[in-house]
1. Between residue 133 and residue 36, how many nm apart are label points set 7 Å from Cα along the C-beta direction?
2. Take the alpha-carbon positions of the stretch 3-146, form their convex hull, and give its projected area averaged over all directions (one quarter of the hull surface) in nm².
3. Which pairs, out of 12/34; 34/97; 12/39, put more than 20 Å between their alpha-carbon atoms?
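All of the numbers you see were taken from the coordinates with simple rules; none came from a lab. Not measured: the values here are computed from a predicted model. FYI the Cβ positions are ideal-geometry reconstructions off the backbone, even for glycines, and counts take in every protein chain you see.
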Amino acid sequence: MPPATTAARAHKEIFSYWSSLRRDGGLPGRADIKPQDLKRLLPTVSLIDVLHEPLDYRLRLAGTGLYGVYGREITGHRLRDVYDYEAAAYWRDELDKVVLGRRPGVGCHSMAWKGASHLSLLWMRLPLASDGKTVDMILGYDAVVGVTTTSELSGIRAA
């Protein structure tokens, strides 16, 4: 299966799981998440702490598969410590939308900031709220897609 198709299936799986945890229109909290329910997806799952006043973000947990993406451990770091200025601004804007809108976010982000413009992250960010209302954490899932070997660079490509 092509990587983008696999990523879309994983996004659907994690979104369905998150949706199943909602109660009475409220958001699920971190305590509702059971890692064993996401075992297959854990390598690229992340938990992001939402810090209020001022609004900021810290990676509480980054799955082992993300080490290969970032080339280092990112657990415990804030956005400004992981990304260059432009990429950090992108993530801050996207995470702000999840927190303030109390709604999931999904997108595609180029890894060009890391010198890997041939790769992109297909990402999903899902709001978590221990009280069911105020977003205090974000569940993330990332899938890396793109050309990863020189043999994939040859051949005819459709636009």
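1. About 3.4 nm separates the two model spin labels.
2. If I average the Cα hull's projected area over directions, I get 8.0 nm².
3. 34/97
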